[in-house]
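First comes the structure, then the notes that go with it.
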Amino acid sequence: MKKYTLFLSLIGFYAFAFGQISVSTTSLVFDETFTKDSTEKTVLITNHFSVYVDLEVGIYQSDFSVNESTFSLAPNNSKTITVKFKPRHNINYNTELVIYETSKVQVFGGLAVDVRGTGKYADTYYSSTQNLFEEDLKQELKSILAKNYTNLGYNGARDVMYGNIDNHGGQVECIYTGRKATFNTRSGATSNNFNCEHTWPQSLFNQTEPERADIHHLFPTDETANGKRGNYPFAVVVNPSWTDGGSKQSGSIFEPRDAHKGDAARALFYFATRYQNYSGFLTDQETLLREWATRFPPAQNAIDRNNAVFGYQKNRNPYIDHPEFLERIHSISTTSVAPQITEMSISTNDEIIMENAKGKTLTYQFSITNLGNQNITFTAITPSNNQIAVDNGSFVITPGESKIVTLTFNLVSDFLAANLHLKNDALDLNIPVKLYGAANVSNLLESNMQLVQKTGSIMVKNAQKAQFNLYDLTGRELFFTEIQSDFAEIALSMLTKGFYFVQVVDLKGNSIVKKIYLE
């Protein structure tokens with residue numbers, strides 16, 4: 001998958017040593033944290049400017065959060081941001097905290113803080129899965145599930161099912177129909193028209209032991225419902241020929257009721273992990289079953305059942321204990337390989353706008369963060385005007401890290417309209433850059449003046465007395481004229497086909513800029 005994310009505002013990242021917006025640390029490293037717990041760390045953000053700065057804080061990994069994401073920071077004031085780490089996985093985390101400016105006219109840009117942490121499971125049963133993914137994780141789970149496994153035999157498995165594991169207050173419930181009957185033995189099941197459902201049909205593995213007796217995929221069922229399911233795969237049934245209690249059957253497919261969809265999916269995932277994908281039975285179902293597993297997470301009765309089965313078989317269903325394992329195993333039915341994800345976040349607004357730039361050397365920096373799992377190689381970052389310089393146009397960003405790109409502006413005119421071109425295999429993007437020579441353009445951007453392009457002309461409304469300027473894409477001024485009324489139409493027929501920038505500045509200093517294209 002190749003994509004990029006534009007994360008709201010083009011950020012300028014000043015070096016920590018001399019930045020006008022500073023942070024108390026360049027990195028947050030969280031101690032090992034159990035997935036049932038959370039821990040917090042703080043970052044102090046200080047505004048050294050003499051003006052208010054509007055800021056936004058973002059973090060790219062959902063197991064981290066911030067207590068406040070948008071705020072305005074007064075001159076010479078500080079704000080403490082709390083970052084919470086509540087891991088869902090027993091893995092090593094690496095992401096970025098981005099503090100960036102959202103002002104229309106930027107005075108600094110932003111800062112980045114490296115964030116790392118380690119999640120752990122409190123239960124030692126899965127301790128050997130620490131930081132494992134894909135086939136490595138799947139194979140380790142297979143080893144765990146086989147270790148110390150106790151095979152009760154098919155009769156023994158049904159005895160404990162009917163008499164204990166699936167017996168609640170003397171009653172046993174059909175997983176497909178919800179019908180309940182009072183019994184606690186195999187003979188009692190037969191007399192009440194109940195039998196044992198093999199979620200992975202035993203005809204597909206020739207009734208081999210211990211598969212046939214593994215309670216993690218065995219459930220009590222009404223005989224008729226079990227017969228209707230047969231050895232059919234699970235699917236969505238649209239026009240059922242049979243239905244009972246919410247379960248449906250049509251042709252050679254079967255849909256369990258909602259109350260059992262997630263449990264059925266996790267039972268098949270367990271079976272294929274513990275044994276194998278017999279007859280390729282899981283392959284065509286896996287996508288749908290993953291949807292069911294997510295939509296119907298383990299309920300308390302499934303958790304209790306998993307614990308009860310462990311008491312007899314001495315192994316567990318990992319997809320009940322840790323449903324998030326499915327996020328780290330992209331295929332249960334085949335060899336699991338992580339998809340190659342090239343995803344990045346470029347902290348950018350629609351355009352870079354800076355003021356008071358004429359005759360000065362200004363630096364401006366922004367970050368590109370790698371959100372995927374592949375290295376990102378930038379082949380070119382190039383400005384369209386030589387009044388803008390880039391420190392480094394080619395580089396590699398590893399997953400979970402950011403690259404700071406520094407721009408240097410040397411404006412020699414009153415206004416520069418240019419573009420910054422970013423290119424790699426996944427991205428081809430132009431970011432507009434506007435540099436104003438004068439100060440206090442913040443208010444000018446709120447002008448109610450309007451520019452309306454017509455064929456061969458530009459209409460200017462609500463300008464009163466103003467100056468009209470026309471620039472090419474390099475920021476070179478082509479001509480200017482004065483506007484003497486609230487409405488004026490400026491002919492552009494003398495220009496050749498292409499893109500241009502139009503700027504109108506009135507007597508109050510209000511300014512408006514528009515990019516136009518002439519046919």
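The values are calculated or read from the model by the stated rules, or taken from the named source; none is laboratory data. Small disclaimer: the values here were computed from a predicted structure and weren't measured. All Cβ positions, glycine included, derive from the backbone under ideal geometry; neighbour counts span all protein chains shown. When the accessible area is computed, the model is the full protein with side chains, heavy atoms only, and any ligands, DNA or RNA have been set aside. Shrake-Rupley method; radii C 1.70, N 1.55, O 1.52, S 1.80 Å.
The sole residue among Asn148, Asn195, Asn155, Asn184 that is open to solvent by 70 Å² or more (accessible area, probe 1.4 Å) and either part of a strand (DSSP E or B) or without any contact (Cβ under 8 Å) to a residue 24 or more places away in the chain (or both) is Asn184.
So that you can scan it fast, the table gives a plain yes or no per residue for (1) under 24 Å from Ala189 (Cα atoms); (2) open to solvent by 20 Å² or more (accessible area, probe 1.4 Å); (3) out of contact with any Phe, Trp or Tyr (no Cβ under 6 Å at 6 or more places or on another chain):
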site	(1), (2), (3)
Ala225	yes, no, no
Tyr232	yes, yes, no
Gly246	yes, yes, yes
Ser250	no, yes, yes
Ile253	no, yes, no
Arg274	no, yes, yes
Tyr278	no, yes, no
Glu291	no, yes, yes
Thr294	no, yes, yes
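Would it be correct to say that Glu327 is more than 25 Å from Asn148 (Cβ to Cβ), without any contact (Cβ under 8 Å) to a residue 24 or more places away in the chain, within 18 Å of the chain's Cα centre (by Cα) and surrounded by fewer than 21 Cβ atoms within 10 Å (Cβ to Cβ)? Spelling it out, it is not the case that Glu327 is more than 25 Å from Asn148 (Cβ to Cβ), without any contact (Cβ under 8 Å) to a residue 24 or more places away in the chain, within 18 Å of the chain's Cα centre (by Cα) and surrounded by fewer than 21 Cβ atoms within 10 Å (Cβ to Cβ). Among the residues of the stretch 419-441, those identified as under 34 Å from the mean Cα position of the chain (by Cα) and either surrounded by fewer than 17 Cβ atoms within 10 Å (Cβ to Cβ) or more than 24 Å from Leu111 (Cα to Cα) (or both) are His421, Lys423, Asp425, Ala426, Leu427, Asp428, Leu429, Asn430. Taken over the stretch 78-121, the residue count meeting the criterion of being of a type outside the set (D, E, K, R) and either over 27 Å from Ala357 (Cβ atoms) or at pLDDT 95 or above (or both) is 21.
Of the residues screened, Asp214 is not one that is over 30 Å from Lys147 (Cα atoms), touching a Phe, Trp or Tyr at 6+ places or on another chain (Cβ under 9 Å) and surrounded by 15 or more Cβ atoms within 10 Å (Cβ to Cβ).
Pairs meeting the criteria (first residue in the stretch 213-239 and of a type in the set (Ser, Thr, Tyr), second residue open to solvent by less than 10 Å² (accessible area, probe 1.4 Å), beta carbons under 6 Å, at least 6 apart or on different chains) are Thr221/Cys174; Thr221/Tyr176; Thr221/Glu197; Tyr232/Phe254. For Asp284, the criteria (1) farther than 18 Å from Asn151 by Cβ; (2) part of a helix (DSSP H, G or I); (3) under 28 Å from the mean Cα position of the chain (by Cα) hold in every case but one, which is (2).
In this structure, Lys84 qualifies as within 28 Å of the chain's Cα centre (by Cα), farther than 27 Å from Val309 by Cβ, surrounded by fewer than 16 Cβ atoms within 10 Å (Cβ to Cβ) and of a type outside the set (S, T, N, Q).
If you go through the stretch 22-77 and keep only what is assigned to a loop (DSSP other than H, G, I, E, B), open to solvent by less than 50 Å² (accessible area, probe 1.4 Å) and modelled with pLDDT of 90 or more, you end up with Thr25, Thr35, Asp63.
Within the stretch 299-323, the set of residues being open to solvent by less than 10 Å² (accessible area, probe 1.4 Å) and either without any contact (Cβ under 8 Å) to a residue 12 or more places away in the chain or outside any helix (DSSP H, G or I) (or both) comprises Asn315, Asn317. With respect to the stated conditions, Ile175 fails to be outside any loop (DSSP other than H, G, I, E, B), under 40 Å from the mean Cα position of the chain (by Cα) and β-branched (Val, Ile, Thr).
Looking only at residues of the stretch 455-489 that are at pLDDT 80 or above, assigned to a strand (DSSP E or B) and among the small types (Gly, Ala, Ser), we find that the one that is surrounded by the most Cβ atoms within 10 Å (Cβ to Cβ) is Ala488.
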